[in-house]
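All remarks here apply to the structure that follows.
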Amino acid sequence: MVLEQAVPGLIVVPKSALVLRSGRPVVFTYAPEEGLPKWNYVTVAHENDEQIAVSEGLEPGMLVIFEGNLNLEHDAQVRVAEE
């Protein structure tokens, strides 16, 4: 049995998108106009085994990096793989 609850006003992303930098939660996003990753300090409101719900730090429409982000740095060169 799976229970789901809506989380209005929050952005839900894969838990793999979350990394810690200086002990703070960070989600990297990709800025296509610059072609560079950007780190965003976030506030995690809820989480489960697979997803996190972010209350601050992300905006709708941002492209979230959720793979290959463990050693990623702000403004590092990246290659975008599209499926």
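For the chain, the relative contact order works out to 33 percent when only alpha carbon pairs closer than 8 Å and six or more residues apart are counted. Dipole of the chain computed with +1 at Lys/Arg Cβ and -1 at Asp/Glu Cβ about the Cα centre; of Val26, Val78, Ile11, farthest Cα towards the positive end is Val26.
Ranked highest first by the average count of other Cβ atoms within 10 Å around their residues, in what order do 74-80, 40-46 fall? Kindly include the intermediate steps, with their values, before the conclusion.
Values: 74-80: 10.6, 40-46: 15.3.
The peptides rank, most packed first, as 40-46, 74-80.
In the chain, the alpha-carbon atoms span a convex hull of 115 Å³ per residue. Less than 5 angstrom separates the built amide H of Glu47 from those of Ala53, all sequence-distant by 5 or more or on a different chain. For the stretch 44-83, the Cα-based Rg and Dmax, in that order, read 12.4, 31 Å.
The amide H of Val12, built 1.01 Å from its N in the peptide plane, has Val54 as neighbours under 5 Å, considering only residues 5 or more places off or on other chains. Dipole magnitude for the chain: computed about the Cα centre from +1 point charges on Lys and Arg Cβ and -1 point charges on Asp and Glu Cβ, it is near 280 debye. Highest GNM mean-square fluctuation among Glu59, Glu34, Glu73, for the chain modelled with Cα contacts below 10 Å: Glu34.
Excluding Ser16 itself, what net charge comes from residues whose Cβ is under 13 Å from its Cβ, given Lys and Arg +1 and Asp and Glu -1?
Details: positive: Lys15; negative: Glu47, Asp49, Glu50, Glu67.
That sum, taken over residues with Cβ under 13 Å, equals -3.
Coordinate-derived values only; no laboratory data. Remember, predicted model here, so these are calculated numbers, not experimental data. Here Cβ is always computed from backbone atoms with ideal geometry, including for glycine, and neighbour counts include all displayed protein chains.
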